[in-house]
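Structure, as structure tokens:
No lab work stands behind these numbers, since they all come straight from the coordinates. Remember, it's a predicted structure, so these values are computed and weren't measured experimentally. All Cβ positions, glycine included, derive from the backbone under ideal geometry; neighbour counts span all protein chains shown.
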Amino acid sequence: MPIQVILEKCTGCSLCVKVCPFDAIRIMDKKASLDLNKCTLCGACVPSCKFKAILLEKTQSKGVLPNIKDYKGVWVFIEQKNGKVQSVAYELLGKAHELAAKLDTQVSGVLIGDKLDDQLDELIWHGADNIYLVEAPELANFQDEPYTNILVKLINKYKPEIVLCGATSIGRSLVSRVAITVDAGLTADCTGLDIDPQKKILLQTRPAFGGNIMATIISPNHRPQMSTVRHKVMQPMSPDKHRKGKIIKETFESSLYASRTKLLDIVEEVESLVNIAEADIIVSGGRGMGGLENFKLLEELAHVLGGAVGSSRAAVDSGWMPYSHQVGQTGRTVAPKIYIACGISGQIQHLVGMQSSKIIIAINKDPDAPIFKVATYGIVGDVFQILPVLTKKFKEILRK
Amino acid sequence: MNIIVCIKQVPETTEVRINPETNTLIREGVKAIINPFDMYAIEESVRLKEKLGGKVTVLTMGPPQAEAALREAISLGADDGFLVCDRAFAGSDTWATSYTLAGAIKKIGVFDIILCGKQASDGDTAQVGPGISTHLNIPQVTYVKKIEEVSANIMKVERMMEEGFEVIETPLPVLLTVVKEINEPRLPSLKGMMKAKSAKITLLTQKELNLDPQKIGLCGSPTQVVKIFTPPQRTGGVMLKGEPGEVAAQLVDLIKNEVN
């Protein structure tokens, strides 16, 4: 059995019972007992035991990659859209710089696209020591297969120990394929990254169960260690125009650039031009907004603050807002500087999508609304009266 | 048209709460449901079948009780169910899970379209769908919000992006992951529920799949969880009181340094 309790060491303290996410441990006769039908071997109980009484063994270990020591350097996949490097790439370079310092190694960016020359300096100023640049007209826009082929080739050739990528639509699709192909561990949507000071491996922390628990994950025996990283969590470094870096241009045979899927069109939707994933301030409305026409109040405030308009599921289901604005479990997860929830009661499905925001402001007429339990500032009152005053006051101070 | 839908049974996240005193997960009475995103994949597969004819096969990997998820999918219009279940698969991360599901799909045989929800609500990785298509060496389109056209060997879909959407043409077979916007799932029909009750669920174990033991379960999983903890819970902050004008003024004062 790959997991067992060493009965001599177990004191029946029940610490493991509490951490098990699958309800697979019970205390029976003052000893921990595992229900193997429920256990998924996730390993959460092992470090929780102060007495080292739980053993999780890899019965037939796939083994350590033989040349693991050859893998060096921290890489960032530089996401570009329409020829413009996305802000998440700068955030990741900042983090990569910090990780590389702890590993005494270099930061490299991988930039795939067409005609991107004008942004190379900016990447170097933000922390890249090297940039692997792959340019071709057919690579101008992201497509799963060619981008996967190229990233796989580069990883196999240069052997980085860590590869970071934004947890965006593009990033998640791309590196999921890459990690399978290069036989690497991939951790999704990380919100914390660090280096284990002894083992020099990447500690990847991410939320699970809708943010109700956090897990720290490692890929000790495989390289590269790959993560997608949540947008807006890591800080870019302040640009240093004296930084120098190397540009390494790579070209591959054209068969590598072929794609079975064909990108026919890219449609930008006007209503989502200030997209909620990018916004520093989100003004969000729920059922309490009462109707489509009242979302204008939110739009006005968002406009004054330079923010975006979000929505609860209830408002989307009522047809007041398009789905692309939905915050929450079945919509988007956001973490802006300020989240203003108007007429949103705060169902758990909504909270998991916004509870990492820095400041949460809740305006709701129900004093018992659960949203107030997570709000930095709460106002019990009528959104229709408060919003116009708020918009007016911000207009005044921001004009200065 | 042969369609395979991959689903996952998950705890109903809405009911996963933290006990503020012990700071642990409260699991009592937590129901197991079909991952909400997979409901859209099931619905879309049934719509495709209604339009083009064919068969919908629903596939899951999990403990024996995951059979309930397959039966629910059948009540919603799927034709048959396969349960991948073996202790040998326990402890799988997304690498090993997608390898195992790809193995099961090869065993099931012919398919034109594989549908998955965009991600599961417990793990939120969005990695298993693309993982399966990679193991099967077929194209993928993630975050599909609309199937515009579909014929015997080609389809045109809309892929949701942060700023809008892309229109993508893909040959079949293909794997799609779908978002909520794609449809509105129906409720189970009485006929469907009757069918679900008696439907035969095929069990696939390591014996049937005969997968590389180095690539399954715990040992086929490059990632390991080393720590699980509950994040510091947000607590309610300051309640502002007064007339609309007063509270608005207080609020502007409190956050004006954050907006500029």
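Summary table
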| read-out | value |
| --- | --- |
| Solvent-free Debye scattering, log10 I(q)/I(0), computed from the Cα coordinates of the stretch B:137-210 at q = 0.18 Å⁻¹ | -0.88 |
| Vicinal HN-Hα couplings computed from phi for the stretch B:205-215 (Karplus, 6.51 cos²θ - 1.76 cosθ + 1.60; Hz; Gly/Pro x) | 10, 4, 4, 6, 7, 6, 8, 4, x, 6, 10 |
| Separation of alpha-carbon centers, the stretch A:88-134 and the stretch B:33-91, rounded to whole Å | 42 |
| Calculated FRET efficiency for the pair residue A:87/residue A:250, C-beta based, R₀ 25 Å, to 0.05 | 0.50 |
| Peptide-level mean, for A:178-191, of C-beta atoms on other protein chains within 10 Å | 5 |
| Alpha-carbon spread of the stretch B:2-226, three principal axes, descending order, Å | 53, 44, 38 |
| Amide H contacts under 5 Å for residue A:237, placed H, 5+ residues apart | A:94 |
| Relative contact order, percent, chain A [alpha-carbon distance under 8 Å, six or more residues apart] | 11 |
| Residues A:250, B:148 arranged by fewest to most Cβ contacts within 10 Å | B:148, A:250 |
| Backbone HN-Hα couplings from phi across the stretch A:171-178 [Karplus 6.51/-1.76/1.60, Hz, Gly and Pro as x] | x, 5, 5, 5, 6, 4, 5, 5 |
| Average partner coverage of A:15-22, which counts Cβ from other chains inside 10 Å | 4 |
| For chain B, built as a Gaussian network whose Cα springs stay under 10 Å, the top-fluctuating residue of B:162, B:184, B:72 | B:162 |
| Whole-angstrom gap from the stretch A:246-308 to the stretch A:1-58, using each part's C-alpha centre | 45 |
| Across A:9/A:199; A:9/A:30; B:55/B:200, pairs whose alpha-carbon gap is larger than 18 Å | A:9/A:199 |
| The stretch B:194-260 - Kirkwood radius from inverse mean 1/r over Cα pairs (Å) | 19.5 |
| Range of Cα positions in the stretch B:128-260 per principal axis (Å), largest first | 68, 44, 39 |
| Most mobile of B:192, B:62, B:242 in a GNM of chain B (Cα contacts under 10 Å) | B:242 |
| Within 10 Å of each Cβ in A:372-385, the average number of Cβ atoms from other chains | 5 |
| Among B:209, B:187, B:136: highest mean-square fluctuation, GNM of chain B, C-alpha pairs under 10 Å | B:187 |
| Sorted by Cβ neighbour density within 10 Å, fewest at the top, the residues A:91, A:122 | A:122, A:91 |
| Estimated FRET transfer efficiency (residue A:14, residue B:246; beta-carbon r; R0 45 Å; 0.05) | 0.35 |
| Chain B: DSSP helices with Cα axial extent of at least 15 Å and average Kyte-Doolittle hydropathy no lower than -1.0 | B:36-52, B:94-108, B:244-255 |
| DSSP bridge pairs, the stretch B:2-226: antiparallel proportion in percent, nearest 5 | 40 |
| Shape metrics for the stretch A:270-399, restricted to C-alpha atoms - Rg then Dmax, Å | 12.9, 37 |
| Gyration tensor over alpha-carbon atoms, the stretch A:267-339, equivalent ellipsoid semi-axes in Å | 16, 14, 12 |
| Rounded to 5, percent antiparallel among DSSP beta bridges of the protein assembly as shown | 40 |
| Helix-only mean residue ellipticity at 222 nm for the protein assembly as shown, each DSSP H run of n ≥ 4 adding -39500 (n - 2.57), per residue, nearest 500 | -7500 deg cm²/dmol |
| Whole-angstrom Cα spans of the stretch A:3-56 along principal axes, big to small | 24, 21, 17 |
| Residue A:57 versus residue A:156: modelled label distance in nm, points set 7 Å from Cα along the beta carbon direction | 3.6 |
| Surface/4 estimate of mean projected area, convex hull on alpha-carbon atoms of the protein assembly as shown, nm² | 30.1 |
| The stretch A:157-175-the stretch B:181-201 distance, computed between alpha-carbon centres (Å) | 38 |
| Spacing of the two label points (7 Å from each Cα toward its C-beta) at residue B:239 and residue A:280, in nm | 3.2 |
| Relative contact order, percent, the stretch A:270-399 [alpha-carbon distance under 8 Å, six or more residues apart] | 23 |
